[in-house]
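This report concerns only the one structure given below.
The values are calculated or read from the model by the stated rules, or taken from the named source; none is laboratory data. Quick caveat: nothing in here was measured; it's all calculated off a predicted structure. Please note: Cβ atoms are built from the backbone with ideal geometry, for glycine as well, and neighbour counts cover all protein chains shown. Accessible surface areas use protein heavy atoms only, side chains included; no ligands, DNA or RNA. Shrake-Rupley method; radii C 1.70, N 1.55, O 1.52, S 1.80 Å.
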Amino acid sequence: MSTAAAYALSASDGSFEKVTIQRRELGPRDVLIDIKFAGICHSDIHTARNEWGRTSYPCVPGHEIAGVVAAVGPAVSRFRAGDQVGVGCMVGSCGVCAPCLADEEQYCTAGATMTYNTVVDPAVQPGGHTLGGYSTQIVVTENFVVAIPEGIGLDVAAPLLCAGVTLYSPLRHWDAGPGKKVAIIGMGGLGHVGVKLAAAMGAEVTVLSHSLSKQEDGRLFGAIGYYATSDKQTFRELRGRFDLILNTVSADLPMDDYLRLLNLDGTLVILGLPENPVSVKPLNLAGYRRSLAGSMIGGIAQTQEMLNFCAEHGIGAEIELIAADEIDGAYDRVVASDVRYRFVIDVSTM
């Protein structure tokens, strides 16, 4: 076993503390990564604070990991020491079910092994549950490591490992591109990346936000329209406008109002996960053959495709870099929507 410095919570109502954790020995197909940067995702907060239940402690969150290969096992063929690499939300899956064979490991029928808080054999992770990227090192099977291309800084690449692919996957699946009108609900950590990606794909992009406070940023990221959803006129003016709407917020929204913004055969995709069930009037689906759908991250191959696309188009996340001892305050600011647009931990401060 090897050891690494990490920041962990020991209880849902606790504060992050610096600890030493164990990582498994390097196996034949394993990659040892020196983590340089780790993004803070709202899922980290939900898990660390046990808001979704079943959190195992100590909890080391972090699934937006960017770093450099320190060593590889003897059977590793895709990476070598010194390579810039990333690790996203998953570190394993069954590999034999239909979704896995289709490069959709996030939908593994046996359940993917998530980067943190998944119960595993202690031989895979000492302690019996996975520990994430708020740490100085991690050991990951080669098939769940992606290359970060030259041209993307590791700091701005880190959030792409979750936020980036979470938006890229539905944009590709529903064919966002020239001639398509795409709306992004919310321009936070997820939404701002979605605006950049959809614009780079050639779609006509509109932001639907509670207020106009980020309108200038939205234009800079590629949006041609920016509307306040607090203004009832917005829903009258935009009725029947969009082919695709991506909902990135976790708040309870009046979904019928948003469904009526879709054109014939349009789709509203849920990415944020509110606590309460979604309620819609069937007529708002049937009337224009509209669809209400959901999407969850992307497979490893698509994550690599997304990173290559971002490198080609000069896309990175907008970040605030913080030290490891600022995680608690950053969590509170994320909950208060007080970040533009993603916190990233400088792991050298551990």
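Quick notes on this one:
- Entirely in segment 16-77, the strands (runs of 3 or more DSSP E) that have 3 or more residues that are touching a Phe, Trp or Tyr at 6+ places or on another chain (Cβ under 6 Å): 65-72
- Counted residues, segment 269-325 - those being part of a loop (DSSP other than H, G, I, E, B), open to solvent by less than 50 Å² (accessible area, probe 1.4 Å), more than 20 Å from residue 104 (Cα to Cα) and in contact (Cβ under 8 Å) with a residue 40 or more places away in the chain: 3
- Just one residue in the set 328, 265, 257 is assigned to a strand (DSSP E or B), modelled with pLDDT of 95 or more and acidic (Asp, Glu); that residue is 265.
- Looking only at segment 162-192, residues that are farther than 21 Å from residue 43 by Cβ and either of a type in the set (Lys, Arg) or within 14 Å of the chain's Cα centre (by Cα) (or both) come to 3 in all.
- Candidates 217, 257, filtered to the one that is open to solvent by less than 70 Å² (accessible area, probe 1.4 Å) and within 21 Å of residue 281 (Cα to Cα): 257
Each row is one residue, and each column tells you yes or no for (1) under 28 Å from residue 18 (Cα atoms); (2) touching a residue at least 60 places away in the same chain (Cβ under 8 Å).
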{"residue": "109", "(1), (2)": "no, no"}
{"residue": "113", "(1), (2)": "yes, no"}
{"residue": "125", "(1), (2)": "yes, yes"}
{"residue": "132", "(1), (2)": "yes, yes"}
{"residue": "156", "(1), (2)": "yes, yes"}
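- Of the numbered criteria (1) modelled with pLDDT of 95 or more; (2) surrounded by fewer than 22 Cβ atoms within 10 Å (Cβ to Cβ); (3) more than 23 Å from residue 155 (Cβ to Cβ); (4) touching a strand residue (DSSP E or B) at 6+ places or on another chain (Cβ under 8 Å), the one residue 81 fails is (3).
- Output for segment 84-99, where each listed residue is of a type in the set (A, V, I, L, M) and surrounded by fewer than 16 Cβ atoms within 10 Å (Cβ to Cβ): 96, 98
- Condition met for residue 136 (modelled with pLDDT of 95 or more and under 22 Å from residue 9 (Cβ atoms)): yes
- Test: residue in segment 243-254 that is touching a residue at least 40 places away in the same chain (Cβ under 8 Å), open to solvent by less than 70 Å² (accessible area, probe 1.4 Å) and more than 30 Å from residue 40 (Cβ to Cβ): yes
- Residues of segment 101-113 include none that is over 19 Å from residue 166 (Cβ atoms) and in a strand (DSSP E or B).
- Out of 109, 136, one residue alone is over 20 Å from the mean Cα position of the chain (by Cα) and surrounded by 17 or more Cβ atoms within 10 Å (Cβ to Cβ). It is 136.
- Residue check for residue 243: farther than 15 Å from residue 205 by Cβ and in a strand (DSSP E or B): no
- Residue check for residue 37: open to solvent by 10 Å² or more (accessible area, probe 1.4 Å) and under 13 Å from residue 347 (Cβ atoms): yes
- Here 122, 178 are screened, and the one residue that is over 30 Å from residue 212 (Cα atoms) and open to solvent by 30 Å² or more (accessible area, probe 1.4 Å) is 122.
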